[in-house]
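Single-structure report; data block below.
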Amino acid sequence: MSFEIDQTKLNEYQQQLANEPQAKVLERTVTKNGILASSYDWHAAVESDPTFSIDLDTGDVANQKQSGRCWMFAALNTMRHDMANKLGLKKFELSQSYTFFWDKFEKANYFYENVLNTATQSADSREVAFLMATPQQDGGQWDMLCALIEKYGIVPQSVMPETYSSSKSNEINTVLNKKLRKDAITLRTLVANHSDDSQIDAARNQMMSENYRILTYTFGQPPVKFDFEYRDESKQYHIEKDLTPQSFFKKYIGWNLDDYVSIINSPTDDKPYNKTYTIDMLGNVVGGRAVKHLNVEIEQFKQLAIAQLKSGESVWFGCDVGQSSERQQGIMDLNVYAKSELFNTDFSMTKAERLDYGESLMTHAMVLTGVDLIDGQPTKWKVENSWGPKVGTKGYFVMTDAWLDEYCYQIVVNKKFLPEDLLKAQAEEPITLKPWDPMGALA
């Protein structure tokens with residue numbers, strides 16, 4: 001059945017608008033100021049006072065600048081918090097450029113792996129189209145950073161500092177994706193021509209050599225050995241010579257990354273709680289750590305985060321940051337914009353409906369560094385962002401508990417905080433989801 005808009009219907013719509021008592025007032029304010037300014041509710045700022053009953057001192061915020069490395073910044077921030085406390089460091093960062101180099105290098109190889117695995121499918125199949133839409137990008141997941149660290153270690157920012165392209169990644173992404181799509185044509189043609197494995201491996205090896213050259217020109221060559229020197233809070237000088245990225249991680253971070261697991265809250269029918277999930281074609285290191293999520297109910301989700309904060313350790317988390325969020329003031333509150341009232345239209349959806357119908361997914365990763373508990377229940381959360389100190393309260397945001405319920409999807413916690421039933425569930429083999437599942441979104 002078709003529905004055609006004719007003049008009778010237009011007259012009806014115009015009359016309904018004319019019957020709105022504040023139509024002219026609202027038209028004037030929205031045309032002049034836009035939707036967000038016109039619907040802003042200042043009460044949200046009052047209710048988002050940055051005071052918390054549990055408040056970790058994690059120092060100055062970092063700045064990812066014009067790059068999509070939030071997941072990487074957030075993960076490295078949780079590690080530098082621990083390291084800075086142990087060594088008495090005031091201003092210190094781990095090198096995000098170092099992990100960025102290896103992530104792009106490994107993602108290229110992971111892309112080739114997926115291209116070859118789908119080489120017999122037509123170019124317009126959904127899987128191939130998914131791969132070619134974005135061969136690689138800046139975003140990632142916690143498990144993907146663990147895969148990089150397990151293989152390449154980490155280094156201080158002082159030995160591999162930021163470059164133009166690490167801070168502004170659009171150019172390298174454009175160049176690298178152009179090359180990867182061209183390489184995909186070559187690899188698919190080799191398969192179509194029944195080339196043997198040695199011919200395909202030789203072509204792939206040449207492609208990776210070219211990728212290494214491109215990334216080295218862009219980010220600089222990653223250090224193999226280096227000296228680490230610093231002054232602590234007492235102004236005492238320290239130096240450690242001839243470190244490798246792996247020995248640096250082992251000595252100064254020392255985490256068993258297997259202890260840290262991804263917990264998600266996805267209340268959709270296709271993902272029963274207390275089950276684990278992975279996503280097809282999602283990853284970066286071929287043969288490395290796979291992405292794995294344990295889905296739990298929201299109250300359990302929050303209690304795990306609170307337990308880790310109470311222990312003095314910050315929490316990596318992923319969310320849909322653009323929803324009901326005021327960037328400049330650093331407010332994440334369901335009521336910060338009254339859009340439904342402004343337009344007299346119901347925009348409400350459940351969390352599951354937003355995931356199922358493409359209205360929401362994980363877009364950004366940050367760090368929980370505090371929570372306000374009233375009578376044992378969370379009311380708001382302290383969030384360390386990676387957008388520099390000029391937004392929020394010196395770079396820190398306030399997230400209401402109600403906002404977390406609706407738009408937070410993932411946390412990473414130490415397994416020691418999981419009760420026995422969740423430990424057993426987390427150890428199970430994961431169910432594989434489609435590549436385009438919202439839980440495979442890259443922060």
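The values are calculated or read from the model by the stated rules, or taken from the named source; none is laboratory data. Note that the coordinates shown come from a computational prediction; the quantities given were computed from them, not determined experimentally. Glycine gets a Cβ as well: all are built from the backbone with ideal geometry, and neighbour counts include every protein chain shown. Accessible surface areas use protein heavy atoms only, side chains included; no ligands, DNA or RNA. Shrake-Rupley method; radii C 1.70, N 1.55, O 1.52, S 1.80 Å.
Enumerate the amide H contacts of V413 below 5 Å, restricted to partners 5 or more residues apart or on another chain; note that Pro and chain-start residues carry no placed amide H.
Under 5 Å from the amide H of V413: V261, I263.
Mind giving me the nanometre distance, one decimal, between the label points for A402 and T134, set 7 Å out from Cα along Cα→Cβ?
3.1
Name the long-range amide H neighbours of H364: under 5 Å, sequence gap of 5 or more, or other chain; modelled H, no Pro or chain starts.
Those lying under 5 Å, H to H, from H364 are C319, V321.
Which whole-number percent is the relative contact order of region 244-334 (Cα, under 8 Å, 6+ apart)?
Details: 67 pairs, mean separation 20.1, N = 91.
Dividing the mean separation by the residue count of region 244-334 yields 22 percent.
Report the local net charge at V128: Lys and Arg +1, Asp and Glu -1, summed over other residues whose C-beta lies under 12 Å from its C-beta. Before the final figure, lay out the partial values.
Details: positive: R126, R181, R188; negative: D124, E127.
Computed value for this residue: +1.
Treating only the Cβ of Lys, Arg, Asp and Glu as charged (+1, +1, -1, -1), what charge dipole size does region 168-209 show about its Cα centre? Round to the nearest 20 debye. The partial results should precede the final answer.
On the way: 7 positive and 5 negative charges, 68 e Å.
That gives region 168-209 a dipole magnitude of about 320 debye.
Using a 7 Å offset from the Cα along the Cα-to-Cβ direction at both E150 and S311, what is the distance between the two label points in nm, to one decimal?
In this crude label model, E150 to S311 measures out at 2.0 nm.
Starting from the Cα of M349, step 7 Å toward the Cβ, then list every residue of region 396-417 with an amide N under 20 Å from that point.
402-410
For the chain, what does the relative contact order come out to in percent, with C-alpha contacts under 8 Å and a separation of six or more?
That works out to 25 percent.
Excluding E326 itself, calculate the net charge of residues whose Cβ lies under 15 Å from the Cβ of E326, where each Lys or Arg counts +1 and each Asp or Glu counts -1.
On the way: positive: R327, K339, K380, K390; negative: D41, E47, D49, D320, D333.
Counting the neighbours of E326, the net charge comes to -1.
Sketch the reach of a paramagnetic label on K90 as a point 7 Å from Cα along Cα-to-Cβ, and name the residues of region 39-67 whose backbone nitrogen lies under 12 Å away.
Backbone N within reach: 60.
Using a 7 Å offset from the Cα along the Cα-to-Cβ direction at both T432 and H43, what is the distance between the two label points in nm, to one decimal?
Label at T432, label at H43, 5.0 nm between them.
Cross-link partners among lysines for K271, C-alpha distance below 18 Å, same-chain residues fewer than 8 apart left out?
Output for K271: K292, K351, K424, K434.
With the cut-off at 1.5 for a/c, could you classify region 107-206 from its C-alpha gyration tensor as rounded, prolate or oblate? Write out the running numbers ahead of the final one.
On the way: a/c = 2.13, a/b = 1.82, b/c = 1.17.
Because a/c hits 1.5 or more and a/b exceeds b/c, region 107-206 counts as prolate.
Can you tell me how much longer the chain between E359 and Q66 gets when fully stretched, taken as 0.36 nm per residue apart minus their C-alpha distance, in nm with one decimal? Walk me through the numbers on the way to the answer.
Values: separation 293, 0.36 × 293 = 105.48 nm, distance 2.43 nm.
Computed gain between E359 and Q66 is 103.0 nm.
Assuming 0.36 nm per residue, please report the length gained on full extension of the stretch D375 to Q15 beyond their Cα-Cα distance.
Values: separation 360, 0.36 × 360 = 129.60 nm, distance 5.15 nm.
Net length gain for the segment: 124.5 nm.
Could you give the size of the charge dipole of region 371-438 about its Cα centre, using +1 on the Cβ of each K and R and -1 on the Cβ of each D and E, expressed in debye and rounded to the nearest 20? Please report the intermediate quantities before stating the final value.
Values: 8 positive and 11 negative charges, 92 e Å.
Computed about the Cα centre, the dipole is about 440 debye.
Provide the FRET efficiency to the nearest 0.05 for the A23-D258 pair, computing r from the beta carbons and using R0 = 60 Å.
On the way: r = 60 Å, r/R0 = 1.00.
Plugging the Cβ-Cβ distance into 1/(1 + (r/R0)^6) gives 0.50.
Leaving out ligands, DNA and RNA but keeping every protein chain, what accessible area does T432 have, in Å² rounded to the nearest 10, with a 1.4 Å probe?
Around 90 Å² of this residue is reachable by solvent.
Identify, among M332, G395, H43, the residue whose Cα sits farthest towards the positive end of the charge dipole of the chain, taking +1 on the Cβ of Lys and Arg and -1 on the Cβ of Asp and Glu, with the dipole about the Cα centre.
G395
If r is the Cβ-Cβ distance from E210 to Q246 and R0 is 41 Å, what FRET efficiency results, to the nearest 0.05? Kindly include the intermediate steps, with their values, before the conclusion.
Values: r = 26 Å, r/R0 = 0.64.
With R0 = 41 Å, the Cβ-Cβ based efficiency is 0.95.
Given a Förster distance of 41 angstrom, what is the FRET efficiency for D57 paired with D270, based on the Cβ-Cβ distance and rounded to 0.05? Don't jump to the answer; show the numbers that get you there.
On the way: r = 41 Å, r/R0 = 1.00.
That pair, D57 with D270, gives E of 0.50.
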